[in-house]
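Notes for the one structure printed next.
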Amino acid sequence: MVRTTDYESRKKAVLAATINKYIKKAIPISSEDLAKDFSLSSATIRNIFSDLEEGGYLTHPYTSGGRIPTSKGYRYYIDYLILQMELLANEKESIVREYKGEIKKLEDVLEKTSDIISTITHYASIVCLSEWQDKLFYKGISFTLEQPEFQDSNCIKFLIKMIEDKQRLFSIINREFKEKVKVYIGEELDCPEMKNCSLAVSNYSVKKKPLGRLAVLGPTRMEYNHIIPTLEYVSGVLTDLLDTV
């Protein structure tokens with residue numbers, strides 16, 4: 001029983017390490033990449049890779065090469081394995097500082113919010129007000145398009161077309177969820193143009209009533225451990241700000 005438990009724990013650790021390395025490197029992760037980290041042989045890591053691939057958590061783009069996470073792998077990682085980072089003090093201070101100053105129009109605040117999120121995360125940010133289905137505020141699209149996953153011209157064309165379809169994008173962002181931050185990965189978006197993307201979404205409110213959504217759009221290989229706490233924090237700061245207006 002102990003051996004089985006140890007193996008399952010090791011398998012989860014290998015999956016987490018594979019995803020963490022892939023997020024940083026954007027290239028398939030080989031058994032040699034992980035062997036030293038776990039003080040195991042490459043053959044042992046390959047056996048674990050095989051089990052994870054059989055379970056649908058990893059795949060390999062080439063016949064003989066490293067592994068990359070699947071949507072199922074990312075989902076398990078977010079739900080069970082991720083270690084969320086705390087935002088650095090200077091990041092929090094920067095966010096609060098950006099909101100200081102006289103508030104003239106709600107539109108200005110929402111546009112500022114989209115700018116703040118894209119600057120902190122280095123991905124595309126989208127901000128919407130629930131009442132305005134035809135108006136979205138977004139910044140940092142170039143950050144997302146610079147990612148290796150979007151070097152293909154067709155990928156760029158499809159993604160830009162999706163972003164410009166405001167009604168459709170609005171409907172995706174405004175799906176019901178209970179979490180503080182909801183992450184949709186690849187196929188979960190039910191949108192072929194965004195199959196290589198993930199979308200993280202949070203709520204903001206005024207006087208405890210939901211007012212709109214904040215979102216980050218990036219590749220499935222996005223830094224979830226930084227994106228999730230960033231959206232949580234910005235949502236809180238924006239809500240506090242609107243409550244004082």
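The table that follows gives values for the structure above.
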{"item": "Net charge of neighbours whose Cβ lies under 9 Å from the Cβ of Ile23, counting Lys and Arg as +1 and Asp and Glu as -1", "result": "+3"}
{"item": "Additional length obtainable on full extension of the chain from Asn47 to Met85, 0.36 nm per residue less Cα span", "result": "10.6 nm"}
{"item": "At R0 = 22 Å, FRET efficiency that the Cβ-Cβ distance of Ile27 and Asn225 yields, to 0.05", "result": "0.65"}
{"item": "Using θ = phi - 60° and Karplus 6.51 cos²θ - 1.76 cosθ + 1.60, couplings along segment 174-190 (whole Hz; Gly, Pro as x)", "result": "9, 5, 6, 7, 9, 6, 5, 10, 9, 10, 9, 10, x, 4, 5, 6, 6"}
{"item": "Cα gyration tensor shape of segment 46-149, rounded if a/c is under 1.5, else prolate or oblate by comparing a/b with b/c", "result": "prolate"}
{"item": "Highest-first arrangement of 158-164, 217-223, where packing means the average Cβ count within 10 Å", "result": "217-223, 158-164"}
{"item": "Rh (Kirkwood; distinct C-alpha pairs) - the chain, Å", "result": "19.3"}
{"item": "Cβ-derived FRET efficiency at R0 35 Å, Glu146 paired with Glu98, nearest 0.05", "result": "0.95"}
{"item": "Karplus 3J(HN,Hα) series, Hz, for segment 37-47 with 6.51 cos²θ - 1.76 cosθ + 1.60 (x for Gly, Pro)", "result": "4, 9, 6, 10, 6, 4, 5, 5, 5, 4, 5"}
{"item": "Tilt relative to the chain, helix 2-25 - C-alpha long axis, 0 to 90 degrees, to 10", "result": "50"}
{"item": "³J(HN,Hα), Karplus 6.51/-1.76/1.60, whole Hz, each residue of segment 80-97, x for Gly, Pro", "result": "10, 10, 5, 10, 5, 7, 7, 4, 5, 4, 5, 5, 4, 4, 5, 5, 4, 4"}
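Coordinate-derived values only; no laboratory data. All values reported here derive from a predicted model rather than from experimental measurement. Reconstructed Cβ throughout: ideal geometry from the backbone, glycine too, with neighbour counts over all protein chains shown.
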